[in-house]
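K.L.:
Dropping a structure here in structure tokens format, bear with me for questions.
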Amino acid sequence: MTDRRDEGLEVRVRRTRNLRTVGVLASVVVGMVGMAYASVPLYEIFCRVTGFGGTTQVQPVRRTGCSTGW
């Protein structure tokens with residue numbers, strides 16, 4: 001008789017752990033989507049605060065007399 005009670009308890013514990021795992025994973029997914037959605041405004045704020053223009057700067061390549069193998 002105690003075996004059936006133990007089995008029922010194990011099933012409830014397993015179900016609780018599974019629900020907790022699903023909840024944590026759903027929270028992670030929602031957080032990732034939220035951060036992806038907020039990344040553009042956050043980047044614009046970062047650029048304003050730090051003074052970056054938001055674009056990378058590329059310096060033109062100077063031609064020299066030595067060969068680099070290209």
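K.L.:
If T16 satisfies every condition in (1) at pLDDT 90 or above; (2) open to solvent by 100 Å² or more (accessible area, probe 1.4 Å); (3) of a type outside the set (A, V, I, L, M, F, W, C); (4) over 23 Å from the mean Cα position of the chain (by Cα) but one, which is the exception?
P.N.:
(2)
K.L.:
Which of the residues that make up the range 30-53 are among the hydrophobic types (A, V, I, L, M, F, W, C), under 18 Å from the mean Cα position of the chain (by Cα) and surrounded by fewer than 10 Cβ atoms within 10 Å (Cβ to Cβ)? It would help to see each step written out before you state the result.
P.N.:
As a first pass, look at the range 30-53 and keep what is among the hydrophobic types (A, V, I, L, M, F, W, C): 30, 32-33, 35-36, 38, 40, 42, 45-47, 49, 52.
Retained after the next criterion (residues that are under 18 Å from the mean Cα position of the chain (by Cα)): 30, 32-33, 35-36, 38, 40, 42.
Scanning the range 30-53 gives A36, V40.
The values are calculated or read from the model by the stated rules, or taken from the named source; none is laboratory data. As the structure is a prediction and not an experimental result, all values here were calculated from the model. Cβ: placed from backbone, ideal geometry, glycine included. Neighbour counts: every protein chain shown. All accessible areas refer to the heavy atoms of the entire protein, side chains included, with ligands and DNA or RNA removed. Shrake-Rupley method; radii C 1.70, N 1.55, O 1.52, S 1.80 Å.
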